[in-house]
């Protein structure tokens, strides 16, 4: 039993989306995720690593020589509930390889959640993966027992999917399933919405195309999040000798994504290099500010919310606090901005306080914090 937990839990790393924790020393089956700036521990595991597909990068591909294990729904639900009861984990993230039949596999995954809800009375967080090509009635059934549902799109176009898998149809297996998932979520909204994930760096996709695709899904499918899972080469797969995706690339994709998803940036406003990729050496918001000098400086006591959040170093929360403070009194010092969370090191060149620029002094010593802004939701 322990061997099954170790193997099927360790394979969950290939669904990891948060670059911050990829090198941390956690148990293979415990996945730390950030929710409202707090770390929560998800029991992230596969129901089975048997799979009928042969995706070229995947540790679970059909032709890979490796040990194969599966849980029964009763087995896995009991294991999770015992761990949750002992405060070892806070929630469940369940995925699976597709063992013979996609609907049969999805049914077993749903049964795990159903047992937890009905038999054990567990009403904490459950995230179920929806498998590509699954029937709509099973998506509806999964939504009854889940806080979040997600589908791995894997890549961004029919041409790209053929470079990963000849067996999957981009529209039939992936986009059409996500469309069903989106419609069900609109009819009966899930507590934590729906999300999707792509593998970054296994093939020759460029960042501009990735972010345009993300924007399309945010607008048309109302997904809560797009996750960018950096490619990790796996031994005994056709992609074993490819370079892994750099953490810097994942960081920049997440930063650009949050500009699109929460800061009202259009993909066309995101700065790319001549090849269509994000610059790795600097935050895309800072680069945009440098390329738009006519937009700045912003008067901190007059700018509206949407202009404030265009300023490097001012986030959603700090912009809201600025507007709240202004209802009572003018902001007269940089210390007030620093106190409410403005990153003055970034913001100083782009703002005025009562018509005056701020002198750079002790504020340049601030250290940048990336993850609280990017990972603000349980995946």
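Please treat every number below as a calculation from the coordinates, not as lab data. This structure is a prediction, so every number in the text was calculated from the model and none was measured. Glycine also receives a Cβ, built like all others from the backbone with ideal geometry; neighbour counts cover every protein chain displayed.
Take residue 345 and decide whether it is in a loop (DSSP other than H, G, I, E, B) and over 21 Å from residue 262 (Cβ atoms).
no
Evaluate the following for residue 270: is it within 21 Å of the chain's Cα centre (by Cα) and under 28 Å from residue 214 (Cα atoms)?
yes
So which residues in region 112-128 are part of a helix (DSSP H, G or I) and under 25 Å from residue 154 (Cα atoms), if there are any at all?
112, 113
How about region 250-275: which of its residues are without any contact (Cβ under 8 Å) to a residue 24 or more places away in the chain and either farther than 14 Å from residue 292 by Cβ or not in a loop (DSSP other than H, G, I, E, B) (or both)?
Matches in region 250-275: 268, 269, 273, 274.
Could you list, in sequence order, all residues of region 276-311 that are closer than 18 Å to residue 253 by Cβ and assigned to a loop (DSSP other than H, G, I, E, B)?
Within region 276-311, 276, 277, 279, 280, 281, 282, 283 qualify.
Here are 239, 272, 265: which of them is surrounded by 15 or more Cβ atoms within 10 Å (Cβ to Cβ), under 30 Å from residue 55 (Cβ atoms) and in contact with a helix residue (DSSP H, G or I) (Cβ under 6 Å, 6 or more places away or on another chain)?
272
Among the residues of region 31-44, are any more than 25 Å from the chain's Cα centre (by Cα), surrounded by 17 or more Cβ atoms within 10 Å (Cβ to Cβ) and either in a strand (DSSP E or B) or on the phi < 0 side of the Ramachandran plot (or both)?
no
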